[in-house]
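For reference, the structure is listed below as structure tokens.
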Amino acid sequence: MWDIFQRGGLMMWPIAVCSVVAIAIFLERLYILWRFSQGTRALVQEVEHLIAKRGLTEAVTVCQRVGSPLARIFLAALRSAGRPREQIKALVEEAGIREAAPLERYLGLLGTIATIAPLMGLLGTVIGMIKAFNVISAQGVGTPATLGGGISEALITTAAGLTVAIPILLLHRYLVGKVDRTIHEMEGYSLRMIELLEGI
């Protein structure tokens with residue numbers, strides 16, 4: 001494997017760095033989304049139960065203790081209890097936008113890596129072909145052995161770029177879908193909270 005990596009030339013290093021960064025981003029985002037999902041349903045049930053009993057102070061205390069993105073959205077709603085629905089909704093939407101931003105962090109970078117990895121492979125291909133043609137211009141058509149280095153470099157970097165880009169693109173799509181579902185879920189819980197507070 002190391003021998004193949006070395007034969008791929010200089011462009012193998014940035015491709016390798018991209019793969020490591022992409023894996024780190026994916027695992028970090030996966031952990032953040034997993035942590036968000038933990039306890040969400042229990043938080044919603046507890047807060048809704050307290051609101052039904054008109055225990056707004058206790059509900060605020062619960063949200064402050066949990067400190068999750070959804071809990072902070074609930075806090076915005078609870079602190080605006082008693083105001084007109086439109087005001088509560090505006091404050092909740094503002095809090096939702098603020099809390100959704102961290103969930104989308106690094107997704108743009110992951111998408112960029114998926115885009116540039118095959119381009120770096122293509123650049124390595126061009127560099128390898130330039131080396132092959134330099135050999136031809138210096139030695140004539142030569143033998144397969146003399147041309148092999150440049151052509152091998154071209155093929156290896158192309159394969160490496162695509163090998164990195166394809167799974168990263170799939171992982172990016174997966175995370176984007178998961179983030180969208182999470183945000184949609186938060187919106188649903190927030191609307192339910194607004195309806196409950198409207199009845200108080």
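The values are calculated or read from the model by the stated rules, or taken from the named source; none is laboratory data. Remember, predicted model here, so these are calculated numbers, not experimental data. Cβ placement follows ideal geometry from the backbone for every residue including glycine, while neighbour counts extend to all protein chains displayed.
If you scan segment 85-106, which residues turn out to be of a type outside the set (A, V, I, L, M, F, W, C) and assigned to a helix (DSSP H, G or I)? Full working, then the answer.
Filtering segment 85-106 down to residues of a type outside the set (A, V, I, L, M, F, W, C) leaves 85-87, 89, 93-94, 96, 98-99, 102, 104-106.
Correct list: ARG85, GLU86, GLN87, LYS89, GLU93, GLU94, GLY96, ARG98, GLU99, PRO102.
Of all residues being small (Gly, Ala, Ser) and at negative phi in segment 1-19, which is surrounded by the fewest Cβ atoms within 10 Å (Cβ to Cβ)? Just the residue, please.
ALA16
With out of contact with any Asp or Glu (no Cβ under 6 Å at 6 or more places or on another chain) and more than 22 Å from HIS184 (Cβ to Cβ) as the only criterion, which of ARG79, ARG105 stands out?
None of the others qualify; the one that does is ARG79.
Confirm whether ALA154 is among the aliphatic types (A, V, I, L, M), surrounded by fewer than 17 Cβ atoms within 10 Å (Cβ to Cβ), in a helix (DSSP H, G or I) and modelled with pLDDT under 85.
So ALA154 fails the test.
I'm trying to understand the selection: among the residues of segment 57-102, which are among the charged types (D, E, K, R) and in contact with a Lys or Arg (Cβ under 7 Å, 6 or more places away or on another chain)?
Hit for segment 57-102 is GLU99, nothing else.
Pull up segment 28-48, narrow it to residues that are crowded, with 18+ Cβ neighbours inside 10 Å and modelled with pLDDT under 85, then point me to the one that is farthest from LEU191 (Cα to Cα).
PHE36
If TYR106 passes every condition in (1) at positive phi; (2) modelled with pLDDT under 75 but one, which one does it miss?
Single failed check for TYR106: (2).
Report whether or not ILE168 is buried (at least 16 other Cβ atoms within 10 Å of the Cβ), part of a helix (DSSP H, G or I), among the β-branched types (Val, Ile, Thr) and under 11 Å from the mean Cα position of the chain (by Cα).
Considered against the rule, which asks whether it is buried (at least 16 other Cβ atoms within 10 Å of the Cβ), part of a helix (DSSP H, G or I), among the β-branched types (Val, Ile, Thr) and under 11 Å from the mean Cα position of the chain (by Cα), ILE168 comes out as yes.
Can you name every residue in segment 68-84 that is under 19 Å from ILE183 (Cα atoms) and outside any helix (DSSP H, G or I)?
Scanning segment 68-84 gives a single hit, SER68.
The rows are residues; the columns are (1) touching a residue at least 60 places away in the same chain (Cβ under 8 Å); (2) assigned to a helix (DSSP H, G or I); (3) surrounded by fewer than 16 Cβ atoms within 10 Å (Cβ to Cβ).
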| site | (1), (2), (3) |
| --- | --- |
| VAL21 | yes, yes, yes |
| PHE26 | yes, yes, no |
| LEU50 | no, yes, no |
| VAL60 | no, yes, no |
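Every residue in segment 86-120 that is over 30 Å from ARG192 (Cα atoms), among the aliphatic types (A, V, I, L, M) and more than 17 Å from the chain's Cα centre (by Cα), please.
LEU119, MET120 - these are the residues of segment 86-120 that are over 30 Å from ARG192 (Cα atoms), among the aliphatic types (A, V, I, L, M) and more than 17 Å from the chain's Cα centre (by Cα).
If I go through segment 171-200 residue by residue, how many of them are among the aliphatic types (A, V, I, L, M), assigned to a helix (DSSP H, G or I), touching a residue at least 24 places away in the same chain (Cβ under 8 Å) and more than 18 Å from GLN38 (Cα to Cα)?
Qualifying residue count for the region: 6.
Among the residues of segment 162-174, write down those that are aliphatic (A, V, I, L, M) and either touching a Leu at 6+ places or on another chain (Cβ under 6 Å) or farther than 14 Å from GLY111 by Cβ (or both).
LEU162
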